[in-house]
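The values are calculated or read from the model by the stated rules, or taken from the named source; none is laboratory data. From a predicted model like this one, the values you see are computed outputs, not experimental measurements. Quick reminder, even Gly has a Cβ in these numbers, built from the backbone with ideal geometry, and neighbours come from all protein chains shown.
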Amino acid sequence: MRKFISIVILLGLGSFYIPEVLAVKINCDSPVHKNKKRCTEKYLRNVVIDEDTGLEVIEYEKDVDWKKKNPKIAWSKIIKYKSSLRNSYELTIFDRDYVSDFSNGAVKSYVTKWNTNKLEGRILTWGGCGFWTCTYESARYYDFPGFIEIFVGDKRFRLRGSRGEFQFPSGFAKRIKNMGENESINLQIKAIPNSGLADKFIPIGEETIKNLKLLFQKDTKEWNKPKYEIARASISSKKLDVEEIASMTLPSVVKLEGDSGLGSGFFINNEGLIVTNMHVVAGGDKEFTISGDDGLKDQGEVIYVDSKLDFALIQANNIKNSKALPLCFSKYPRPGQNVIALGSPLGLAGTVTRGIVSAVRQPSSDLEDVVPYYVTLIQTDAAISPGNSGGPLVNSNGEVVGVNTWSLPGDEGRAQNLNFAISIVDILRSLNSENPGKAENTNSCGNIVEKENIFKFW
């Protein structure tokens with residue numbers, strides 16, 4: 001009898017620890033699962049030829065919800081779907097790999113979304129047994145942490161981002177295009193604090209790699225450049241302090257809010273044209289709420305996107321008398337110069353931070369694994385946080401020298417005060433904006449210097 005009771009007790013306790021058998025859909029193109037008997041499911045969808053690229057694509061009406069446990073996605077295929085941004089489409093590829101924890105039955109799904117300018121990554125976890133119960137219906141996802149590494153063959157690229165989104169560095173596209181037939185792509189993801197998720201090495205599926213090479217070899221349709229005018233500004237000859245610059249600049253800085261998130265921007269002409277980062281509008285929102293530190297309120301529409309330089313233009317609907325900020329048309333700042341960053345970090349509008357230009361960095365062989373595409377980056381120690389993206393970085397004359405873009409969160413806690421802005425000179429060149437050139441009483445940025453103590457805009 002005692003033996004029978006013991007067996008019953010053991011069986012009862014065991015029920016809390018023996019995990020259920022999970023019917024897990026896996027990525028059969030991943031080297032981890034390739035050629036295994038479980039890999040039997042095939043996605044049968046109509047494939048069409050994309051008229052802009054000539055690529056074979058699978059069309060979706062809209063972006064898919066890939067944060068679910070089992071989203072209906074054609075994994076490793078080139079997917080084309082409509083963007084809510086005007087007259088635009090998105091070409092993207094999804095990859096997924098699974099890891100099962102056989103000690104408690106938990107499953108982790110590592111999902112990546114690729115296009116030609118950025119990577120997005122999520123980790124979905126569900127299942128597992130505790131001491132008293134099993135939670136197979138409980139699922140939650142985590143964004144990839146702010147620092148990841150991509151290994152393309154023997155070449156390593158270090159990517160920094162936020163909210164699980166990472167801009168590709170300049171050398172990445174070239175390396176993908178020139179991949180050898182048997183080379184692999186792998187991700188190294190750092191542990192996420194307080195999540196139970198440790199460092200992870202993730203192999204990318206072979207079919208995903210094949211289609212990525214095709215995608216990077218084709219140029220997608222670009223936006224038509226809008227026609228607009230930027231006038232030369234008049235600035236004071238007086239040396240301005242931080243308080244004066246902030247009071248003159250803040251009325252031209254706005255907070256941008258859409259369904260996908262928020263960021264900052266600033267007016268570059270007097271007809272309500274706003275510059276911001278591309279990644280601020282990359283969630284697909286067409287319209288944004290525009291609000292200013294002085295009570296300004298309006299709606300605006302995205303009219304232009306440059307994915308390579310990571311900037312966008314938004315046209316306000318009703319603002320026709322905006323106060324444009326003076327721009328530094330023709331000169332990169334020098335290391336050591338004082339600068340001020342303005343914007344809405346974490347949604348806190350009208351925030352001002354100060355610092356210096358730490359360096360001016362351009363893509364080169366030693367930076368191609370860090371610097372996004374062919375853009376000049378202004379490195380500064382002026383504090384930049386999520387929400388600052390798209391706001392202006394201005395010099396001691398109040399002239400915009402850059403667009404605040406991203407900060408380096410720290411490689412294992414070693415980095416401090418490493419923040420970056422895209423040069424306004426590069427943005428203006430990309431837009432084919434005419435450099436006003438030198439004239440009487442102009443400074444090195446191309447703006448008119450007034451002898452009297454005034455600060456006005458044309």
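Candidates are the residues of region 146-157 that are of a type outside the set (Val, Ile, Thr) and more than 20 Å from Ser389 (Cα to Cα); the one that is surrounded by the most Cβ atoms within 10 Å (Cβ to Cβ) is Phe157. Mind listing just one residue for me: the one in region 181-218 that is of a type in the set (Gly, Ala, Ser) and at pLDDT below 90 and, of those, surrounded by the fewest Cβ atoms within 10 Å (Cβ to Cβ)? Step by step, filter region 181-218, then rank; the result is Ala198. Of all residues in region 299-329, those satisfying the criterion of being among the β-branched types (Val, Ile, Thr) and within 26 Å of the chain's Cα centre (by Cα) are Val302, Ile303, Val305, Ile314. Restricted to strands (runs of 3 or more DSSP E) entirely inside region 377-420, those with at least 1 residues that are modelled with pLDDT of 95 or more and within 11 Å of Leu342 (Cα to Cα) are 392-394, 400-407. The listed residues are Glu149, Glu120, Glu137, and the only one of them that is of a type in the set (Asp, Glu), at pLDDT below 75 and either assigned by TED's automatic domain parsing to the domain that holds Asp199 or farther than 30 Å from Lys225 by Cβ (or both) turns out to be Glu137.
Within region 219-252, restricting attention to residues that are acidic (Asp, Glu) and in a helix (DSSP H, G or I), the residue that is surrounded by the fewest Cβ atoms within 10 Å (Cβ to Cβ) is Glu243.
Across region 328-367, what is the number of residues that are in a loop (DSSP other than H, G, I, E, B), closer than 19 Å to Val400 by Cβ and charged (D, E, K, R)? Looking only at that region, the number is 2. Scanning region 307-318 for residues that are buried (at least 21 other Cβ atoms within 10 Å of the Cβ) and touching a Leu at 6+ places or on another chain (Cβ under 8 Å) returns Leu313, Ile314, Ala316. If you go through region 334-349 and keep only what is under 21 Å from the mean Cα position of the chain (by Cα), surrounded by fewer than 15 Cβ atoms within 10 Å (Cβ to Cβ) and at pLDDT 90 or above, you end up with just Leu348. Set side by side, the residues Leu309, Leu325 differ, and just one is closer than 21 Å to Asn432 by Cα, at pLDDT below 90 and assigned to a loop (DSSP other than H, G, I, E, B), which is Leu309.
For residues in region 350-376 being modelled with pLDDT of 85 or more and out of contact with any Pro (no Cβ under 9 Å at 6 or more places or on another chain), which is surrounded by the most Cβ atoms within 10 Å (Cβ to Cβ)? Per the stated criteria, the residue is Val352.
When Ser247, Ser252 are checked against the criterion of being hydroxyl-bearing (Ser, Thr, Tyr), in contact (Cβ under 8 Å) with a residue 24 or more places away in the chain and either on the phi < 0 side of the Ramachandran plot or touching a Leu at 6+ places or on another chain (Cβ under 7 Å) (or both), Ser252 stands alone in meeting it.
When we screen Phe168, Phe157 for residues that are at pLDDT 85 or above, more than 22 Å from Tyr98 (Cα to Cα) and under 22 Å from the mean Cα position of the chain (by Cα), the only hit is Phe157.
Scanning region 279-306 for residues that are crowded, with 18+ Cβ neighbours inside 10 Å, in contact (Cβ under 8 Å) with a residue 60 or more places away in the chain and not in a loop (DSSP other than H, G, I, E, B) yields a count of 8. Please find, within region 421-435, the residue that is modelled with the lowest pLDDT out of those that are touching a Ser or Thr at 6+ places or on another chain (Cβ under 8 Å) and either in a loop (DSSP other than H, G, I, E, B) or polar (S, T, N, Q) (or both). Result: Asn435.
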